[in-house]
Amino acid sequence: MTLAEAKLPPHNLDAEEAVLGSILIDGDLIKSIGLMSDDFYHEDYNQIFGAMLQLKEKALGINQITVAQELDESDKLEAAGGAAILSHLISITPTSMDCHHYAEIVKRLSILRRMIVVSERIAAIGYDSQGNITEALAKADKLLLELRRSSGSSHIITPEGRSSILMDRYTDLYTKDKGVAVSTGLIDLDTKLGSGLFPGDLIIVGARPGVGKTSLLECISNHIGRQHNVLFCSAEMNVEGLSDRDVAGVIGIPVGQVRQGGYEEGVYQNIIDKAIPYISELNIYHMDITRTYQLTTANVYQAAFELHARHGLALVVVDYLGILNDRFGNNNNDRIGYITRNLKQMAMTLDIPVLCAHQLNRALEVRDEKRPQLHDLRDSGNVEQDADIILFIYRESYYNRGSDSKVTEILIAKQRQGPSGKGIKVLWDDVAQTYRNMVL
């Protein structure tokens, strides 16, 4: 009896189920996990993943209905467990966010199973070589080389592979008249960022409380929401509170007056006739925190994925990073690092920018130079590492009441794909609680 016969081959059925469930939730994941049907130890799961690959080859959507149909057409549906197994896979997968982690487990164990097979073939070569060491070693080397190639363990992109990737990339960019970035609506900021916010980027907006972080997020969201879908996630303000600012901006009265009520007839008519129609035309979706209760990266991702799959999505906004309820690690630094990694993964998986506000430390309050710096970010190490762009909001009037209360600086403290240390000036509209372009 060989070692392989004495033990079950390495496998993890839970990981295999999680991969399949994730793909049934988000069919696009199959493009990036790098698995083949033979990587699945369980025969039923091998068949199900094979059907998913067939749908991918046909450029068809992957979901519970299409996978069941594909299996049925090849007379494999009942053998694979019927439609019920697909429902089961979805029910035990709370989120598709960790699919790549599960796929790595499946791939690693698949390689180990193949290694066992190769080891037995090398042993057979040893028995049958008849003393020809050179030939035996050459055959063994060939088997090991094939194992390395098929496992993809080197993660090397060949020059030819790189050329193919770049051909697809630049052809795609060429065919997009306005490029792939979405404009913030702030002309000078777009210029400094290379035309706006790019898919896959995590953008952090930092400022002290009361300077206007949420207002900047809303300003950018409202501009993008005129043409594209935006998901706005706030654990600090409900949709009514956020909307008060929009109403104030449209009809030109202070936010406090909107919140207070007891309107004059003209104000009420302006709200009904001008503000609400304007807001209704914005493609901005809000997470309902009255039902979500706790805002975490997992339920933000789930909402973003659903919106992206059903209607398309151009931007996710999170207000703010520190208030997310994820629990991880032994301290807040570990927790923030976990959150920023998840937000960055979300941006890359959905191929959209994620814009997130973050608080600054109180330390800058006691120094002479009040313009924020990277080390002023709370738990700055992880935030600075994971963010592609870090913007700081600075308004001199926040510290010096004698200065111009309208002029606000947006400082580019970090930009992975462009120059940092630069800044632009915008106008702060205190009545509307929003930002506007500087008029030269």
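The values are calculated or read from the model by the stated rules, or taken from the named source; none is laboratory data. It should be emphasised that the depicted structure is a prediction, and the values quoted were computed from it without experimental measurement. A quick note on method: Cβ atoms are made from the backbone with ideal geometry, for glycine too, and the neighbour counts reach across all protein chains shown.
What about GLY206, is it outside any helix (DSSP H, G or I) and of a type outside the set (A, V, I, L, M)?
yes
Please specify each residue of the range 35-52 satisfying the condition of being hydroxyl-bearing (Ser, Thr, Tyr) and surrounded by fewer than 18 Cβ atoms within 10 Å (Cβ to Cβ).
SER37
Just the residues that are modelled with pLDDT under 90 and in contact with an Asp or Glu (Cβ under 7 Å, 6 or more places away or on another chain), please, taken from the range 207-217.
Matches in the range 207-217: THR214 only.
Can you say whether GLY34 is under 29 Å from the mean Cα position of the chain (by Cα), assigned by TED's automatic domain parsing to the domain that holds ALA123, part of a helix (DSSP H, G or I) and farther than 18 Å from THR93 by Cβ, as far as the supplied structure shows?
Answer is no for this residue.
Taking the stated definitions as given, is GLN385 more than 30 Å from ILE251 (Cβ to Cβ) and in a strand (DSSP E or B)?
Working: more than 30 Å from ILE251 (Cβ to Cβ): yes; in a strand (DSSP E or B): no.
So GLN385 fails the test.
Okay, residues lined up against (1) touching a strand residue (DSSP E or B) at 6+ places or on another chain (Cβ under 7 Å); (2) in the same structural domain as LEU24 (by TED's automatic domain parsing); (3) not in a strand (DSSP E or B):
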position	(1), (2), (3)
GLY329	no, no, yes
LYS344	yes, no, yes
HIS358	yes, no, no
GLU369	no, no, yes
PRO372	yes, no, yes
HIS375	no, no, yes
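I'd like the full set of residues that are more than 29 Å from the chain's Cα centre (by Cα), under 21 Å from SER221 (Cβ atoms) and aliphatic (A, V, I, L, M), limited to the range 254-294.
VAL255, VAL258, ILE271, ALA275, ILE276
Hey, among SER110, SER164, SER153, which residue is at pLDDT below 75 and within 29 Å of SER22 (Cβ to Cβ)?
Numbers: SER110 fails: at pLDDT below 75; SER164 fails: at pLDDT below 75.
None of the others qualify; the one that does is SER153.
Can you find, within the range 177-192, the residue that is modelled with the highest pLDDT among those that are more than 23 Å from the chain's Cα centre (by Cα) and assigned to a loop (DSSP other than H, G, I, E, B)?
Only one residue tops the list, namely LEU186.
Which of the residues that make up the range 363-375 are hydrophobic (A, V, I, L, M, F, W, C) and at pLDDT 80 or above? Break it down into steps so the answer makes sense when it comes.
Residues of the range 363-375 hydrophobic (A, V, I, L, M, F, W, C): 363-364, 366, 374.
Scanning the range 363-375 gives a single hit, LEU374.
Give LEU307, LEU343 a once-over and let me know the one that is closer than 18 Å to LEU231 by Cα and crowded, with 23+ Cβ neighbours inside 10 Å.
Unique residue meeting the criteria: LEU343.
From GLY262, GLY249, GLY322, which residue is surrounded by fewer than 21 Cβ atoms within 10 Å (Cβ to Cβ), assigned by TED's automatic domain parsing to the domain that holds ARG208 and either in a helix (DSSP H, G or I) or in contact with a Lys or Arg (Cβ under 7 Å, 6 or more places away or on another chain) (or both)?
So the residue among GLY262, GLY249, GLY322 that is surrounded by fewer than 21 Cβ atoms within 10 Å (Cβ to Cβ), assigned by TED's automatic domain parsing to the domain that holds ARG208 and either in a helix (DSSP H, G or I) or in contact with a Lys or Arg (Cβ under 7 Å, 6 or more places away or on another chain) (or both) is GLY322.
Might you check whether a residue that is of a type in the set (Gly, Ala, Ser), modelled with pLDDT of 85 or more and in contact with an Asp or Glu (Cβ under 8 Å, 6 or more places away or on another chain) occurs anywhere in the range 330-353? Before the answer, list the steps.
In the first step, residues of the range 330-353 are kept if they are of a type in the set (Gly, Ala, Ser); the result is 337, 347.
Next, from what is left, pick out any that are modelled with pLDDT of 85 or more: 347.
The next check asks that each one be in contact with an Asp or Glu (Cβ under 8 Å, 6 or more places away or on another chain); those that pass are 347.
Yes, there is a match, as at least one residue in the range 330-353 is of a type in the set (Gly, Ala, Ser), modelled with pLDDT of 85 or more and in contact with an Asp or Glu (Cβ under 8 Å, 6 or more places away or on another chain).
Hey, HIS286 hits all of (1) in contact with an Asp or Glu (Cβ under 9 Å, 6 or more places away or on another chain); (2) buried (at least 17 other Cβ atoms within 10 Å of the Cβ) but one; which does it fall short on?
(1)
Test LYS406 against the criterion of being without any contact (Cβ under 8 Å) to a residue 60 or more places away in the chain, of a type in the set (D, E, K, R) and closer than 21 Å to ARG245 by Cα, and give yes or no. Lay out the reasoning, then the answer.
Numbers: without any contact (Cβ under 8 Å) to a residue 60 or more places away in the chain: yes; of a type in the set (D, E, K, R): yes; closer than 21 Å to ARG245 by Cα: yes.
Against the criterion (without any contact (Cβ under 8 Å) to a residue 60 or more places away in the chain, of a type in the set (D, E, K, R) and closer than 21 Å to ARG245 by Cα), LYS406 qualifies.
If you scan the range 61-73, which residues turn out to be exposed (fewer than 14 other Cβ atoms within 10 Å of the Cβ) and in contact with a helix residue (DSSP H, G or I) (Cβ under 7 Å, 6 or more places away or on another chain)?
Residue satisfying the conditions is GLY61 alone.
So for the range 53-60 (the condition being surrounded by 13 or more Cβ atoms within 10 Å (Cβ to Cβ) and within 30 Å of ALA123 (Cα to Cα)), does at least one residue qualify?
No.
Go through the range 122-136 and give me each residue that's assigned to a helix (DSSP H, G or I) and surrounded by 14 or more Cβ atoms within 10 Å (Cβ to Cβ). Reasoning before the result, please.
Step one: filter the range 122-136 for residues assigned to a helix (DSSP H, G or I), giving 122-128, 133-136.
Once the filter is applied, which keeps residues that are assigned to a helix (DSSP H, G or I) and surrounded by 14 or more Cβ atoms within 10 Å (Cβ to Cβ), the range 122-136 yields ILE122, ILE125, ALA136.
Suppose the filter is closer than 25 Å to GLU240 by Cβ and of a type in the set (A, V, I, L, M); does ILE271 pass it? Show your work before the answer.
On the way: closer than 25 Å to GLU240 by Cβ: yes; of a type in the set (A, V, I, L, M): yes.
So ILE271 fits the description; yes.
If I go through the range 376-396 residue by residue, how many of them are at pLDDT 80 or above and surrounded by fewer than 16 Cβ atoms within 10 Å (Cβ to Cβ)?
Final tally of qualifying residues: 1.
Output yes when any residue across the range 397-409 is modelled with pLDDT of 85 or more and surrounded by 16 or more Cβ atoms within 10 Å (Cβ to Cβ), and no when none is.
yes
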